[in-house]
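Participant: Below: one structure in structure tokens.
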Amino acid sequence: MSAQVIDVFNGDADGICALHQLRLADPAESELVTGPKRDIALLDRVAAGAGDRVTVLDVALSKNRKALDRLLAAGAFVRYFDHHQPGEIPVHPNLAAHIDIDANVCTSLLVDDFLGGSRRVWAVTAAFGDNLADAARQAATPLGLTADQLAQLQSLGECLNYNGYGETIDDLFFHPAELYRVLRPFEDPFAFIAESAAYRTLKAGYEDDMARAFGVPAAETRPGGRIFLLPAGKWARRVSGVFGNALAVASPSQAHAVLTAGAGGYVVSVRAPLTTKAGADELCSRFEGGGGRTAAAGINHLPDSELDRFVAAFFESFP
């Protein structure tokens, strides 16, 4: 039996663009393992053994450690790119780890470095989608892009990222694996923007959902930050992360929390102030199911009974 090639990736802009860069440079037919952005225990779904090659992109090693150890013990070769807190990184001859938790780095920029910049325009797209606009523009400098082209890449990155948010696949416009397959034939993102019906669908959805979100007033505002409570609904679940990104850009010295109502509680997205890009992961890790990066983190389910504790902890973290 021939060796398997398995690509495991976060369903947001960073995961999709990271995989796209790699497979443009090294084409392969692979099994795709992905899901909504918050579905991060992806290695649990992977069965691989001796000779199989697994690439993991933009999912926290700390949330996948047991499954990673299982794959390595079975003889699989694992290539791991990520920018989340990893916990202890195992040392194993079959593991190639490319992990950097710097707040100005995303997984696609790590892949760009690995590839020597050969598909950088997609790394720029991903960085914009991950709300790393300064890093995106810096990476784009050698490409000689116009301001309009940069704006197009920013829109594409934001739309790809927007599609990743949702409680279930049913909340999304496209399954992330489907969206990657639609993107895969395009070496040029500007061709994808011009020709793809999927991009038009995402852009229209993004604009409509963001307009609804900006119609919701802050539930609480203090000097250090703002908290927003969005109602239950597909549009609110889709927009939670990108709305947090937009709030951070609009008020970079403040932290922001977007809480989207669900069954018996909330899904939480937290953005640290862009001026510091620190503290979001520490705050969210104080709650069960919480984690992420220093600049952007979340809690998968905050019970109603924990809301007051979260509000107090948020303003304690960002006074």
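Nothing in this text is a laboratory measurement; each read-out follows from the coordinates by a stated rule. In this text the structure is predicted, and so the values were computed from the model without any measurement. Note: ideal-geometry Cβ built from the backbone for every residue, glycine included; neighbour counts use all protein chains shown.
Participant: Apply the a/c threshold of 1.5 to the C-alpha gyration tensor of the range 1-136 and tell me whether it is rounded, prolate or oblate.
Facilitator: Taking the square roots of the gyration eigenvalues as a ≥ b ≥ c, the range 1-136 is prolate.
Participant: Now for a different question. If I compute mean projected area of the Cα convex hull in nm² from the structure I just sent, which labelled value in [x] 15.6; [y] 19.5; [z] 17.5 lines up?
Facilitator: Identified label for the calculated read-out: [x].
Participant: With the crude spin-label approximation of a point 7 Å out along Cα→Cβ, what separation in nm comes out for Asp308 versus Val5?
Facilitator: 5.6
Participant: Through the Karplus equation 6.51 cos²θ - 1.76 cosθ + 1.60, θ set to phi - 60°, convert the phi angles of the range 5-10 into ³J(HN,Hα) values in whole Hz; use x for Gly and Pro.
Facilitator: Listing the rounded values in order: 10, 10, 10, 10, 8, 4 Hz.
Participant: Of Val46, Leu32, Ala67, whose Cα points farthest to the positive end of the dipole of the range 1-83 (charges on the beta-carbon: +1 Lys, Arg; -1 Asp, Glu; origin at the Cα centre)?
Facilitator: Checking the options against the dipole of the range 1-83, the answer is Ala67.
Participant: For every helix of n ≥ 4 consecutive DSSP H residues, a contribution of -39,500 (n - 2.57) applies; sum these over the chain, divide by its total residues, and give [θ] at 222 nm rounded to the nearest 500 deg cm²/dmol.
Facilitator: -12500 deg cm²/dmol
Participant: Still on this structure: Arrange the peptides 22-29, 252-259, 276-283 so that the one whose residues have, on average, the most other Cβ atoms within 10 Å appears first.
Facilitator: Those peptides, ordered most packed to least, come out 252-259, 276-283, 22-29.
Participant: Further, regarding this structure: To the nearest 20 debye, what charge dipole does the chain have about its Cα centre, counting +1 at the Cβ of each Lys and Arg and -1 at the Cβ of each Asp and Glu?
Facilitator: 140
Participant: Please label the shape of the range 98-147 as rounded, prolate or oblate, based on the square roots a ≥ b ≥ c of the eigenvalues of the alpha-carbon gyration tensor (a/c under 1.5 means rounded; beyond that, a/b larger than b/c means prolate, else oblate).
Facilitator: oblate
Participant: Then there is this: Peptides 62-68, 102-108: what's the order by average Cβ count within 10 Å, highest mean first?
Facilitator: Output ranking for 62-68, 102-108: 102-108, 62-68.
Participant: Step through the table entries Lys203/Lys234; Lys37/Lys234; Lys66/Lys277, compare each Cα-Cα distance with 19 Å, and write down the pairs that go over it.
Facilitator: Lys66/Lys277, as the Cα separations exceed 19 Å there.
Participant: Work out which helices of the chain, taken as complete DSSP H runs, extend at least 20 Å along their axis over the Cα atoms and score a mean Kyte-Doolittle of -1.0 or more, then list them.
Facilitator: Result, helices passing both filters: 147-163, 197-214, 234-250.
Participant: Also, I was wondering about something else. Can you bin the range 56-157 into rounded, prolate or oblate? Criterion: square roots of the alpha carbon gyration tensor eigenvalues sorted a ≥ b ≥ c, rounded for a/c under 1.5, prolate for a/b above b/c, oblate for the rest.
Facilitator: Cα axes put the range 56-157 in the prolate bin.
Participant: Can I ask one more? Rank Ala151, Ser285, Pro303 by how far each Cα sits towards the positive end of the charge dipole of the chain (+1 on Lys, Arg Cβ; -1 on Asp, Glu Cβ) and give me just the farthest.
Facilitator: Positive-end residue among those listed: Pro303.
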